[in-house]
Amino acid sequence: MIRETRDGLKIYASIWKTLLLLLACVAFTIACILMLRDPGNDPAKRVNYIVAGWAGIALFGVGGLITFCIRLPSLFRMPVITTDHDGVTYSHIPGRFQQIPWSAIAGIGITRQGRLRYLSIQLRDLSYLVSRDPESFANMSERRRKWLLSLATFTGGQITIPTASLPGRGGKLVERIAQRHAAEIVENRILVKPR
């Protein structure tokens, strides 16, 4: 859901997508537990069923639980992305928000990796990618700062947020941000690429 506020936009994760993810993980975990309960009499199949059952529990049970905990704020209506006149605030981890001023953003768009789509925020200032605020980045040791900047350069200097948890398919989201913050985008010469 995208909610328009006086200052900008609040973008929430889709509750239905989060619940569908949880249901799929629960279904696959139950199937894996059933595989472990009755692996059969054939010794070769028995080993395969046991390995597949434990691997499925690890992937869908534990991995699904971790993913659900990360997406839990969507059930309590905490925004994933907030835009205002100061910039874009986003959260990858519940309770940890990072604000990026419009002046540090070079572009906003949708990028694809295979079938997956991401809301991509291309940065001018890489210090926002490696640290929550530029002051703490400036206070880091020279060795750590160089290592983090090389890592940030490797990632292309962008922040990517999966659109799978966001409302819609992503392109309309970028268009809404561009419409709502047209003045900031023009003032800071931000490239907008909705598709």
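The values are calculated or read from the model by the stated rules, or taken from the named source; none is laboratory data. Given the structure is predicted, the values throughout are model-derived calculations rather than measurements. Here the Cβ is made from the backbone with ideal geometry for all residues, glycine too, and neighbour counts use every protein chain on show.
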Task: Qualifying position, being at pLDDT below 90 and touching a helix residue (DSSP H, G or I) at 6+ places or on another chain (Cβ under 6 Å), among PRO39, PRO43 - done: PRO39
Open item on the list: Just to be sure I understand, how many residues within segment 1-20 are of a type in the set (Phe, Trp, Tyr) and closer than 29 Å to ALA182 by Cα?
Closed with: 1
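For every residue, the table says whether it meets (1) in contact with a Lys or Arg (Cβ under 7 Å, 6 or more places away or on another chain); (2) in the same structural domain as ARG176 (by TED's automatic domain parsing).
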{"residue": "THR29", "(1), (2)": "no, no"}
{"residue": "GLY40", "(1), (2)": "yes, no"}
{"residue": "GLY63", "(1), (2)": "no, no"}
{"residue": "ARG115", "(1), (2)": "no, yes"}
- [ ] Determine whether segment 73-81 contains at least one residue that is assigned to a strand (DSSP E or B) and modelled with pLDDT of 75 or more.
- [x] yes
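Do you know which residues across segment 38-54 are in contact (Cβ under 8 Å) with a residue 12 or more places away in the chain and either assigned to a helix (DSSP H, G or I) or over 38 Å from the mean Cα position of the chain (by Cα) (or both)?
TYR49, ILE50, ALA52, GLY53, TRP54
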Task: Members of segment 4-33 found to be of a type in the set (D, E, K, R), more than 26 Å from GLY56 (Cβ to Cβ) and either in a helix (DSSP H, G or I) or in contact (Cβ under 8 Å) with a residue 24 or more places away in the chain (or both), listed by number - done: GLU4, ASP7, LYS10
Open item on the list: Given the criterion out of contact with any Gly (no Cβ under 9 Å at 6 or more places or on another chain), at pLDDT below 65 and either surrounded by fewer than 18 Cβ atoms within 10 Å (Cβ to Cβ) or farther than 25 Å from ARG3 by Cα (or both), identify the matching residue among ARG145, ARG115, ARG169, ARG132.
Closed with: ARG132
